[in-house]
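What follows is one structure encoded as structure tokens, with my remarks underneath.
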Amino acid sequence: MNKVLVTGGTGLVGKALEAVIKEQSPADEQWYFAGSKDADLTNLAATQALFAREKPTHVIHLAAMVGGLFHNMNNNLDFLRNNLLINDNVLQTAHEQGCVKVVSCLSTCIFPDKTSYPIDETMVHNGPPHPSNYGYSYAKRLIDVQNHAYHDKYGRLYTSVIPCNIFGPHDNYKPEVSHVIPGMINRMHQLVTEKLDVPESEKVFTVFGSGKPLRQFVYSLDLAELMIWVLRNYESVEPIILSADEAQEVTIFDVAQAIAKAFNFKGKLVCDTSKADGQYKKTASNAKLRSLLPDYAFTDFETAIKTSVKWYKENYDQARKTLCALYVQQNNNT
Ligand code: NDP
């Protein structure tokens with residue numbers, strides 16, 4: 001019987017994995033979803049205690065300090081140190097405890113700032129990342145370096161996946177740290193639920209920037225299915241991009257429209273061009289994934305947005321609108 005430990009099991013991707021595994025209920029696998037309450041993975045002894053208790057044979061390593069642009073820009077040192085610590089503790093402890101496979105999570109936002117498009121798996125280390133998130137990026141890139149080193153020295157099959165922007169139920173909606181989709185869902189929810197005496201047709205939803213930049217998104221439930229496939233079937237140390245097809249790229253304005261539709265919003269969408277757009281596009285190629293899984297059907301973007309908005313409305317009280325408790329505690333202590 002394989003025992004799979006999911007670090008970061010209480011987050012956006014962890015909750016999606018849990019939902020897919022519940023549905024699949026595999027007879028030959030036992031899964032444990034660990035959050036920061038189980039162990040602070042920046043701490044080696046706590047990491048070792050978690051592994052000693054759960055005795056995993058396989059690990060999906062998601063735990064990370066994660067945040068949007070603003071949060072990264074102001075906290076590069078914390079993103080670097082916390083993620084370096086977490087990754088080193090998890091990989092070394094997995095090795096010491098004899099775990100046969102570890103699948104860790106990189107991100108398309110760690111690729112070189114100056115690059116050609118589409119980005120592919122061979123380009124991870126080809127130049128400095130965007131200066132806004134260099135702490136997160138270098139910590140994540142080193143996972144790939146460590147995976148190769150564990151393979152060279154011990155023959156370990158520790159590998160990584162590279163998702164593009166992820167969204168879905170259980171996202172992080174805190175304005176200071178959220179990514180674009182949960183940020184917009186939160187703001188749209190506020191707009192439709194406040195000032196109920198104002199007719200909705202007179203309300204205005206502001207899209208930050210021109211709305212023109214193109215972005216690739218992957219629905220967390222699709223990503224979870226793909227990560228489980230990687231865990232069971234992908235036999236290479238080299239990273240693999242897990243992203244929807246290039247043809248499914250959408251503009252930021254398309255995102256706003258899909259969210260407005262999911263809320264049945266009757267007001268106007270207006271672009272605030274005084275706000276920064278960021279890079280115009282960051283297209284990643286999923287050709288490697290497609291060569292291995294040509295028929296995988298990604299959930300249609302509008303449908304996935306509709307489900308995510310429905311989840312947010314139904315779970316508004318529990319939805320994460322505050323920072324991870326651990327970091328609040330750490331920041332209060334410094
Ligand atoms: P979330 O922010 O939703 O969840 C983060 C998870 O990490 C939570 O379970 C949290 O635990 C846990 N965690 C954070 N710090 C610690 C710590 N010190 N010790 C133990 N656990 C900790 O992240 P996502 O689900 O969005 O991200 C999952 C992975 O995917 C990450 O590696 C991220 O870098 C990567 N990724 C994310 C993208 C995105 O768009 N969200 C895009 C590409 C990659 P708790 O909540 O219990 O405190």
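A few points about this structure:
- The numbered conditions (1) away from the ligand (no atom under 14 Å from the Cβ); (2) more than 27 Å from Gly155 (Cα to Cα); (3) in a loop (DSSP other than H, G, I, E, B) are all true for Gly67 except (1).
- Residue match in the range 188-197 (condition: part of a helix (DSSP H, G or I), open to solvent by 20 Å² or more (accessible area, probe 1.4 Å) and within 14 Å of the ligand (Cβ to nearest atom)): no
- The residue of the range 308-322 that is farthest from Gln248 (Cα to Cα), among those that are buried (at least 16 other Cβ atoms within 10 Å of the Cβ) and of a type outside the set (A, V, I, L, M), is Arg320.
- Residue match in the range 300-317 (condition: more than 16 Å from the ligand (Cβ to nearest atom), out of contact with any helix residue (DSSP H, G or I) (no Cβ under 6 Å at 6 or more places or on another chain), of a type in the set (A, V, I, L, M, F, W, C) and modelled with pLDDT of 95 or more): no
- Of all the numbered requirements in (1) under 30 Å from Asp28 (Cα atoms); (2) open to solvent by 20 Å² or more (accessible area, probe 1.4 Å); (3) among the polar types (S, T, N, Q), Ser220 misses one, and that requirement is (2).
- Some residue of the range 33-42 being free of Cβ contacts under 8 Å to residues at least 40 places away in the same chain, out of contact with any Lys or Arg (no Cβ under 6 Å at 6 or more places or on another chain) and within 25 Å of Val237 (Cα to Cα): yes
- Just one of the numbered conditions (1) more than 9 Å from the ligand (Cβ to nearest atom); (2) open to solvent by less than 70 Å² (accessible area, probe 1.4 Å); (3) outside any loop (DSSP other than H, G, I, E, B); (4) within 24 Å of Ala63 (Cβ to Cβ) is not true of His151: (2).
- Val13, sole failed condition from (1) in contact (Cβ under 8 Å) with a residue 60 or more places away in the chain; (2) in contact with a strand residue (DSSP E or B) (Cβ under 9 Å, 6 or more places away or on another chain); (3) more than 6 Å from the ligand (Cβ to nearest atom): (3)
- If the condition is being outside any helix (DSSP H, G or I) and either hydroxyl-bearing (Ser, Thr, Tyr) or farther than 17 Å from Leu62 by Cα (or both), then the range 211-236 contributes Gly211, Lys212, Pro213, Leu214, Arg215, Gln216, Phe217, Tyr219, Tyr234, Glu235, Ser236.
- The listed residue being out of contact with any strand residue (DSSP E or B) (no Cβ under 9 Å at 6 or more places or on another chain) and part of a helix (DSSP H, G or I), out of Thr122, Thr115: Thr122
- Selected residue (criterion: nearest to Ser220 (Cα to Cα)) from residues of the range 43-63 that are within 13 Å of the ligand (Cβ to nearest atom) and outside any helix (DSSP H, G or I): Leu62
- Residue-level analysis places Lys174 outside the set of residues that are in a helix (DSSP H, G or I), basic (Lys, Arg) and within 14 Å of the ligand (Cβ to nearest atom).
- Search result, residues across the range 263-282 that are open to solvent by less than 60 Å² (accessible area, probe 1.4 Å), at pLDDT 95 or above and part of a loop (DSSP other than H, G, I, E, B): Phe263, Phe265, Gly267
- Residue check: Met1 meets all listed conditions (1) at pLDDT 95 or above; (2) farther than 18 Å from Ser104 by Cβ; (3) more than 14 Å from the ligand (Cβ to nearest atom) but one, namely (1).
- Within the range 1-42, the set of residues being open to solvent by less than 40 Å² (accessible area, probe 1.4 Å) and part of a loop (DSSP other than H, G, I, E, B) comprises Gly8, Gly9, Gly11, Pro26, Gly35, Ala39, Leu41, Thr42.
- On the stretch given as the range 99-116, residues that are surrounded by fewer than 16 Cβ atoms within 10 Å (Cβ to Cβ) and touching a Ser or Thr at 6+ places or on another chain (Cβ under 8 Å) total 1.
- Number of the exception - Asp38 against (1) under 25 Å from Arg141 (Cβ atoms); (2) near the ligand (Cβ under 8 Å from one of its atoms): (1)
- Only residues that are open to solvent by 50 Å² or more (accessible area, probe 1.4 Å) and part of a loop (DSSP other than H, G, I, E, B) were counted across the range 237-257, and they come to 1.
The values are calculated or read from the model by the stated rules, or taken from the named source; none is laboratory data. Please read these numbers as outputs of a predicted model, since none were measured by experiment. Methodologically, a virtual Cβ is constructed for each residue, glycine included, from the backbone with ideal geometry; neighbour enumeration extends over all protein chains shown. Just so you know, the surface numbers come from the protein's heavy atoms only, side chains and all, with ligands and any DNA or RNA stripped out. Shrake-Rupley method; radii C 1.70, N 1.55, O 1.52, S 1.80 Å.
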